[in-house]
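What follows is a short report on a single structure.
The values are calculated or read from the model by the stated rules, or taken from the named source; none is laboratory data. All values reported here derive from a predicted model rather than from experimental measurement. Counting neighbours? That spans all protein chains shown, and the Cβs are built from the backbone with ideal geometry, glycine included.
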């Protein structure tokens with residue numbers, strides 16, 4: 001039976017100005033460890049410290065513009081666009097435009113203060129202890145423009161790849177049982 005999440009939990013945000021984070025699913029509101037889904041409303045001029053999280057983050061901008069600074073440059077993600085960041089990748093988020101921004105962030109596994117690894121305020125990007133990550137090629141685009149967009153697999157690749165198998169329903173949370181070579185994570189295959 002589907003489970004209703006009646007309301008989000010408002011979570012304290014990092015940054016130089018107040019930002020509203022409403023967690024619908026995740027460790028705080030629903031107890032989900034494998035994923036978190038949160039709606040964010042950031043004011044004009046908001047910026048947080050850089051971070052090198054252990055989770056993948058998919059962010060969909062609903063209104064305004066979200067600036068994503070990374071080790072190779074900056075992306076301005078506007079309403080109707082999304083950005084995907086990989087685990088171990090250094091990023092810093094900001095909303096510099098006058099209207100601020102509203103966006104939804106999905107983290108896999110769920111966001112946790114213990115796994116976000118924020119930089120100290122005012123410092124430059126730091127390497128994760130004992131880790132050097134190779135950057136992914138993000139230059140392939142469907143329109144051939146060569147812009148920096150995340151290379152999404154085709155629907156056939158998603159359906160036929162056992163290494164990318166994800167649970168098809170929320171009742172089958174991810175639990176360790178096999179290693180996903182692409183991302184170094186472990187997942188249980190869904191039985192539904």
query: Are there any pairs with C-beta distances below 6 angstrom linking a residue in segment 39-56 that is free of Cβ contacts under 8 Å to residues at least 12 places away in the same chain to a residue that is not in a strand (DSSP E or B), with the two at least 6 apart or on different chains, and if so which?
result: none
- line: Inside segment 76-93, the number of residues satisfying the requirement of being surrounded by 20 or more Cβ atoms within 10 Å (Cβ to Cβ) and more than 14 Å from the chain's Cα centre (by Cα) is 0
Condition check for residue 53: within 21 Å of residue 112 (Cβ to Cβ) and surrounded by 16 or more Cβ atoms within 10 Å (Cβ to Cβ): yes
- prompt: Just a yes or no: is a residue in segment 23-42 assigned by TED's automatic domain parsing to the domain that holds residue 2 and farther than 27 Å from residue 3 by Cα?
  reply: yes
